[in-house]
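To keep things clear, I will list the structure first and then write my remarks on it.
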Amino acid sequence: MAGRLIEERRLEPGIGAVRAREGAPRGRTVSVNAAESPLGWLFARGLVSERQYLAGERLRADYEMAGFGPRVTMRWDAGPSGGGRRGPPRGADPTTAMIDAKRRFEAAVAAAGGGLSDILWRVVCAGEGIEAAEKALGWPRRAGKLVLGMGLDRVADYYRIAGAG
């Protein structure tokens, strides 16, 4: 999987797509540009391990599922209904999946630790490049990859992602 920028992935329900393997039943597939995210770019060049890449993708998926990311389109769900004359207006009821994703994301970031969570959020969730994240955090050049790798290892431990490195 490492070293390829364009690859075929099967479309499957759940978090993260699984790469189609030889002999596996072929369903609908999509071509994925692994370099479209900073984490994918690092993985395609062998600068993060597959375990670290999968941990980062899982963290990003929980971040997006929890609704932490910015909205890029108009919300079409119903507005909050009033709570009556005496009560405050009630907010929209978040889904169970969003709540679970929020809990997983917060627990994964807590497992990474305060010193590592900043770079994780910037590169994995916000999509900043390593150099931009290093500059924003006031770190020396090339420190970001090392710290990001440590954070991804801790997140992989939290998500119980098996694999070497």
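Brief remarks follow.
- Using the alpha carbons alone, the radius of gyration of region 125-165 stands to its Kirkwood radius in an Rg to Rh ratio of 1.06.
- Other residues within the sphere of radius under 9 Å centred on the Cβ of Ala66, judged by their own Cβ, net out at -1 (K and R +1, D and E -1).
- Seen from Gly144, the other residues with C-beta closer than 11 Å to its C-beta sum to a net charge of +1, counting Lys and Arg as +1 and Asp and Glu as -1.
Bear in mind these aren't lab numbers, they're just calculated from the coordinates by the rules spelled out. Predicted model only: the values in this text are computed from it and were never measured. Note that each Cβ is placed from the backbone with ideal geometry, even for glycine, and that neighbours are counted across all protein chains shown.
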